[in-house]
Amino acid sequence: DGGITQSPKYLFRKEGQNVTLSCEQNLNHDAMYWYRQDPGQGLRLIYYSQIVNDFQKGDIAEGYSVSREKKESFPLTVTSAQKNPTAFYLCASSPVGRFGNQPQHFGDGTRLSIL
Amino acid sequence: AQSVTQLDSHVSVSEGTPVLLRCNYSSSYSPSLFWYVQHPNKGLQLLLKYTSAATLVKGINGFEAEFKKSETSFHLTKPSAHMSDAAEYFCVVMYNNNDMRFGAGTRLTVKP
């Protein structure tokens with residue numbers, strides 16, 4: 001079955017440590033996205049990528065970094081510069097259609113907590 | 001600035017009664033509109049989408065939504081709630097292929 005796989009499901013970070021969240025999709029989608037979800041705030045966009053080797057900052061990119069070396073993969077690194085990383089992180093992908101506005105498909109998320 | 005407002009943070013209904021989750025958006029033109037559902041510790045699942053075809057959109061699990069341009073609203077309804085409908089629901093507006101705005105969410109509780 002096609003879908004988006006996020007790993008790990010739960011992740012713990014120590015102070016001053018960088019951690020990387022994995023996101024892999026086999027839907028052959030060109031666009032991929034990372035969101036952060038906090039209680040009562042909906043989803044906020046961290047980074048997105050429309051094509052391999054290119055990505056753009058979203059609304060809350062500070063303290064995060066990404067790479068897009070392969071179409072299927074869009075890992076997110078939460079750096080030590082992100083002072084409040086505890087959240088639920090969601091990865092999504094979508095086709096880049098001729099007419100745009102294609103809905104996004106989501107993974108099951110990674111819950112990151114501070115030790 | 002573009003915005004999406006879900007008018008209720010929490011809605012509680014009894015099983016078998018109708019569900020209404022309200023959503024308003026700001027826009028100077030007709031964007032694409034979506035409703036997603038999220039169960040605990042899961043990702044978001046697409047319920048339905050409006051993309052400038054019929055104003056009444058039918059989705060999965062008996063949900064439907066009506067686009068009202070004059071009111072800039074896209075409310076989600078279901079005639080009869082089921083226990084399995086208890087979840088968080090997000091109204092989402094897409095203004096272009098990159099700019100997807102999420103409402104803050106409405107938590108639906110279904111009482112037996």
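The values are calculated or read from the model by the stated rules, or taken from the named source; none is laboratory data. Quick caveat, the model's predicted, so the values are computed rather than measured. All Cβ positions, even for glycine, are placed from backbone atoms using ideal geometry, and neighbour counts span all protein chains on display. Note: areas computed on protein heavy atoms with side chains; ligands, DNA, RNA excluded. Shrake-Rupley method; radii C 1.70, N 1.55, O 1.52, S 1.80 Å.
Where strands (runs of 3 or more DSSP E) fall wholly inside segment B:1-61, the ranges with 1 or more residues that are closer than 22 Å to A:Gly109 by Cα are B:32-38, B:44-50. When segment B:75-112 is filtered for residues that are at pLDDT 95 or above, open to solvent by less than 50 Å² (accessible area, probe 1.4 Å) and of a type in the set (A, V, I, L, M, F, W, C), the ones remaining, listed by number, are B:Leu76, B:Ala81, B:Ala86, B:Ala87, B:Phe90, B:Cys91, B:Leu108, B:Val110.
For segment A:25-39, the criterion of being in a strand (DSSP E or B) and open to solvent by 40 Å² or more (accessible area, probe 1.4 Å) is met by no residue. Here segment A:73-115 is the region considered, the condition is being open to solvent by 60 Å² or more (accessible area, probe 1.4 Å), assigned to a loop (DSSP other than H, G, I, E, B) and closer than 22 Å to B:Asn41 by Cα, and the residue that is modelled with the lowest pLDDT is A:Leu115. Selection of segment A:8-23 for residues being over 16 Å from B:Lys42 (Cα atoms) and open to solvent by 50 Å² or more (accessible area, probe 1.4 Å) yields A:Phe12, A:Lys14, A:Glu15, A:Gly16, A:Gln17, A:Asn18, A:Thr20.
Only a single item in (1) open to solvent by less than 60 Å² (accessible area, probe 1.4 Å); (2) within 15 Å of the chain's Cα centre (by Cα) is not met by B:Ser14, and it is number (2). The residue that is farthest from the chain's Cα centre (by Cα), counting only those in segment A:40-57 that are surrounded by fewer than 21 Cβ atoms within 10 Å (Cβ to Cβ) and facing another protein chain (nearest Cβ under 9 Å), is A:Gly40.
Scanning segment B:28-78 for residues that are among the basic types (Lys, Arg) and more than 10 Å from chain A (Cβ to nearest Cβ) returns B:Lys58, B:Lys68, B:Lys69, B:Lys78.
Using the structure shown, decide if A:Lys70 is surrounded by fewer than 19 Cβ atoms within 10 Å (Cβ to Cβ), at pLDDT below 95 and among the basic types (Lys, Arg). The answer is no for A:Lys70.
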